[in-house]
1. What whole-number value in Å² describes the accessible area per residue of the chain for a 1.4 Å probe?
2. What angle, in degrees between 0 and 90 and rounded to the nearest 10, separates the Cα long axis of helix 109-123 from the longest principal axis of the Cα atoms of the chain?
3. List, in order, the whole-Hz ³J(HN,Hα) value for each residue of region 31-45 obtained from phi through the Karplus relation with A = 6.51, B = -1.76, C = 1.60 and θ = phi - 60°; use x for Gly and Pro.
4. Once the dipole of the chain is set up with Lys and Arg at +1 and Asp and Glu at -1 on Cβ about the Cα centre, which of GLY311, MET114, MET261 lies farthest towards its positive end?
5. Once each part is reduced to its C-alpha centroid, what is the distance from region 88-139 to region 11-86 in angstrom?
6. Under 5 Å between amide H atoms, partner at least 5 residues away or on a different chain: which partners does VAL128 have, H built in plane at 1.01 Å?
7. So, R0 is 45 Å and r is the distance between the beta-carbons of GLU270 and ILE335; what FRET efficiency does that work out to, to 0.05?
8. What's the extension gain from ASN323 to ASP342 if we count 0.36 nm per residue and subtract their Cα-Cα distance?
Amino acid sequence: MSATLFDQVEALMAEIGKAQPSSADELEQFRIRFLGSKNILKPLFGEIKQIEPARKKEYGQLVNRAKEEAEAKYAEWQAVFAREKRQSAYAGMDLTAPGEPRPLGSRHPVSLVMQEMIAIFGRIGFSVADDREIEDDWHNFTAMNTPEDHPARDMQDTFYVVDAPGMLLRTHTSSVQARVMTSRKPPIRIIAPGRVYRNETISARSHCQFHQIEGLYIDEGVSFADLKQTLLHFVREFYGKDRKIRLRPSYFPFTEPSAEMDVYMGLETEKDRRITKGTGWLEVLGCGMVDPAVLHNCGIDPERYTGYAFGIGIERTAMLRYNIEDIRLMFENDIRFLRQFDAVV
Ligand code: DAH
């Protein structure tokens, strides 16, 4: 009896050894026969009770080996068929053909100018302050010394949020000045780049949305001379190292004194003559000493601290730098327009 059981296992081992499945289906048959839940080796394990005690160990080892060989065989052929399947997926393909180029995006001209300005001011210690575009009346106007009946509110046609009294789309990044001053203690040295909104008729020259960079520096003993020197440094980094600037007296509610800054572009080219209206001077930003009333509104002691601020329009700057004639191009996302900035990093 026990001799036949040994013979049966030996015969199955020989079958396992010779097996050469020619397809994944045949391999599956092999798996079911030797490794499936009702496999042929299973009952043979049970038959160990029939074996005479002296040979039980030998028998048990033999059946185990049969099972191990079936497992090894199965793994080996499974790898073979998996490889064949992968290879057939490439059949007829030219694996040496160059890949399809992936189109790379490019930076928007507004971002290019903004990033450059952030870098210039970053190198002299200004950090970026980011804040909300949907703002309240207080931060956008009142804190910035522009109360309800102030005529300067008419200078900036405001979008108000429907059904949210006192809420608006910020008309300038100056609102971030109020946000920063009410939440931090001097010294404060920030720039605030971001989008602003005004209810203006859209044309080649103006849009209802655009970008600004606000600058704010507050500490003890900050003077107009500091403002001038900082702006001159900015201009020489951004427009070229021999540039001259001039400051013309102006008016903003939140600064006193206030000024507009011009950069000397010269009159050499037709473009210079056109953009400077024949004067050689180009207006690039508004600035001034932070009005003591603004410091007071925001909880900073105007007896102890002084500061300067400035605001730069981004779109106009980008239009001049890249010879863009129509501001509307900035917001249309026409791929033919955007692709022109591929090479600019
Ligand atoms: N907020 C002004 C505007 O939108 C620009 C400006 C002018 C900002 C003077 C300033 C400043 O910080 O000092 O037209």
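The values are calculated or read from the model by the stated rules, or taken from the named source; none is laboratory data. Values in this document were obtained by computation on a predicted structure and should not be read as measured data. All Cβ positions, even for glycine, are placed from backbone atoms using ideal geometry, and neighbour counts span all protein chains on display. For accessibility, only protein heavy atoms count, side chains too; no ligands or nucleic acids. Shrake-Rupley method; radii C 1.70, N 1.55, O 1.52, S 1.80 Å.
1. Working: 19630 Å² over 345 residues.
In whole numbers, the chain has 57 Å² accessible per residue.
2. 80 degrees
3. These are the phi-based 3J(HN,Hα) values: 4, 4, 5, 9, 10, x, 5, 10, 5, 6, 7, 3, x, 5, 4 Hz.
4. Going by the Cα projections, it comes out as MET114.
5. 59 Å
6. ILE191
7. Details: r = 30 Å, r/R0 = 0.66.
Approximately 0.90, to the nearest 0.05.
8. Length difference between fully extended and current span is 5.3 nm.
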